[in-house]
Each structure stands twice: as structure tokens, then as C-alpha cells.
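The values are calculated or read from the model by the stated rules, or taken from the named source; none is laboratory data. The structure displayed is predicted, hence computed values, not measured ones. Calculation scope for accessible area: heavy atoms of the full protein, side chains included, ligands and nucleic acids excluded. Shrake-Rupley method; radii C 1.70, N 1.55, O 1.52, S 1.80 Å.
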Amino acid sequence: MLLSVSATTRPPRVGEVDGVSYHFVTDDQFDTLVASDGLLEWAEYAGTRYGTPRQPVLDALAKGETMLLEIDLVGARQIRASFPDALQVFIAPPSWQELERRLRDRGAENETQMADRLARAKDELAAEGEFDAVIINDDVDEAVDKLVELLGLGGRALNRKGNL
């Protein structure tokens, strides 16, 4: 199983590596990806665009590999339209308070961006019923174990980079 690497127009945060954490692209490069159908899905979030490059996913599927996409609700809806048989799993926080604490502890957004992110999170949480399964992320290792079990991967486990 592979974890797809999304493209984004935002600058890297401390410790993020281009091509590993994200493909960091300019607005013009992102526009080209959209215009050339180079993305399976994409969305704008808090003034930044994110999307899943099409070709790596199609290449993995052609090899019989499973590709895990880490995407938002808008992207999940686009994927469902293109790949109706794809298993969609909603990763939920244990509580609203914990979600807000995690977001604030990251310190990645100003107050305006935080308010936008929290408003969007309310919409996303309300849509969890659209998904095939829900995993509560109260402990990262336990959430990964549940995902591995759900995907039928047996004793194999994903590492933080999405590899078995």
C-alpha cells in the first residue's frame, strides 16, 4: 500500500520535504495541473489549493497496488464520482474540543484561518455518514491499526510515510 503525495500551493512548514510531505507547487503550476486533468481531485482550503496528482495513483492501480489518499470532503466526493467502488474511510477526532486543541497546538494558522478551518470542520464532521467506515483518531497507532484491519492487510502495518 502506498500513500499518495498531494500537491499544494502553500509553502512548506518546518520539517516538510517536497515530494514526501507534499509536492509544493506555484499557483501557475497548480493551474496547469487542473487544466491538463493532472489531478484526480482538488479543492481550495483556507486560501490554499490541494490536489491528488492523477498519474501516480493510476500507475499504482495498474500494478495492482492499493493507494491511500488523504483528502478532504470535497476531494472525497470527487473521488466517489470517479471511483464509485473505492473504500472511503472518515477519520474523525474523538471530540470537537480535541480537534480544536490539535489545530491550535500546531500553530500553523492565524485566527482568521483557524475560524475558517473550524467552520469547515463542522461541515465535514456532519458528512461522516457519506463514508463507508469511520475511525475515531483518539490514538494515532490505534487508528492506524484499525485502518490496517479495515483494509484487510493482516499483520502488516503502515509506517508514517504510508509504506508497508
Projected area, mean over directions - region 1-67, Cα convex hull, nm² = 4.7
Calculated from DSSP H runs of 4 or more alone, at -39500 (n - 2.57) each and per residue, what is the 222 nm mean residue ellipticity of the chain, nearest 500?
-> -12000 deg cm²/dmol
Any number yet on Rg/Rh for region 49-103, C-alpha, Kirkwood?
-> 1.06
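Mind checking the per residue accessible area of the chain for me, 1.4 Å probe, whole number of Å²?
Values: 9790 Å² over 164 residues.
About 60 Å² of surface per residue is accessible.
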From largest to smallest, what semi-axes in whole angstrom does region 1-140 give when each is the square root of 5 times an eigenvalue of its alpha carbon gyration tensor?
-> 24, 20, 14
